[in-house]
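A short worksheet on the structure shown next.
The values are calculated or read from the model by the stated rules, or taken from the named source; none is laboratory data. Just so it is clear, the model here is predicted, and its values are computed rather than measured. Using ideal geometry, Cβ is built from the backbone for each residue, glycine included, and neighbour counts are taken over all protein chains shown. Surface areas here come from the heavy atoms of the whole protein model, side chains and all, with no ligands, DNA or RNA. Shrake-Rupley method; radii C 1.70, N 1.55, O 1.52, S 1.80 Å.
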Amino acid sequence: MLFANKTQGYFVEWSHHGVLLARTSAKNGPMLVEALKSCAADADAVSAALKELQPKRAGAYVHASCGIYPPKRLVRRAAMDPKRYKEPNYLEEVVNTQFHIEADKYMLAVLNPATGRDFDIAHATEKDKDGLFAGLGTDEVEDAQKRLLGAGIYPESLELGTLAALGAVIDYSAFANIKTPTLVLEIDTDSTQSFILSDAGVEATRPIPQGLAAMIPVVQKELGLKDEESAKKLFYSNTFDFTGMGGLLTKRLLKELQSSIGFYEVQTGQSIGQVICTLLPSKLGWLETALANQLGVDLLKISFEPWLKARQITLDGKAIAAQLDVRWLGLIGLMLSHNHAVAAEKKS
């Protein structure tokens, strides 16, 4: 079997919105981002993009660090009882009762919400009462691997894009000396994942059963369209400016967000300073602005070049720099987390 040049690095983020790909001069450490590509979440489209990224080895599998967004992904903070940490099945009980999923059908990890490192239950103290539970269905792991291989990608590593994106926001906030908490939203078709991040890590998480699909009937009604399919096509196209309708389209989602934010602010005494939507395609970028306006907070704007340069990641020319916007944050997070993992291995 032929494989790609192992001196270069390849990073892939696959969500139902599309696929983002990057080629770098190295897999870790100081690296140059040589090329960026985006395409539809389709095996043929991804194969074509890979040929552009790696023209000399068109028939080879590309070894890549991959981020995915499976529908059943779990990234939730939960309170636990330190007195029960020694019980053999306690963590499974937390998962089953608090998240209403079957732990034995998931690949799960428990992280420290402040540091992102593994939660060390054997050495946890009375102060360690919260864990960040992350995982995906075991069937989703197999599906993701088959999908990647079918497109010509051999996943050297496979991680939740959500975690990579959250890590990137926390890292950027530290770099930019942002002191106020940030609301991070992953708005998907049928749901929204809401996270509140601060310099103390992942402080709050909440799944909201409101997503993009709930906005389609509003579009149909307000524009007098004949059916939801027509409304859907218009909504996902880039031919109509929905900014003016932002308040109406986000009304139900906004109510849930305001409830979460209000609870957090009462509990901590801190006010949300900015919001960022990490998963939206660029043609739905107006939605992020609409939410920020309705919530009365700023947008978190990422200055990619100085931040990445400080992390030993440089961009090959102005064309690469011009491509980077918020939708690339998860892919950048893959590069950062890969570098951190390698650095940790070298220290140990």
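Laid out as a table, the results:
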| read-out | value |
| --- | --- |
| As computed over region 182-318, the Cα convex hull volume per residue (Å³) | 127 Å³ |
| Nonlocal amide H pairs with Phe133, under 5 Å, H built at 1.01 Å | Arg76, Arg77, Ala78, Leu111 |
| For the chain, calculated [θ]222 nm from helices alone, where every DSSP H run of n ≥ 4 adds -39500 (n - 2.57) | -11500 deg cm²/dmol |
| Normalised convex hull volume, the chain, alpha-carbon set, Å³ per residue | 157 Å³ |
| Gln145 versus Ala174: modelled label distance in nm, points set 7 Å from Cα along the beta carbon direction | 3.2 nm |
| Electrostatic dipole magnitude of the chain [Cβ: Lys, Arg +1; Asp, Glu -1; Cα centre; debye, to 20] | 720 debye |
| Heavy-atom accessible surface of the chain: percent carbon and sulfur, 1.4 Å | 50 percent |
| Rounded accessible area of Phe304 (nearest 10 Å², 1.4 Å probe) | 20 Å² |
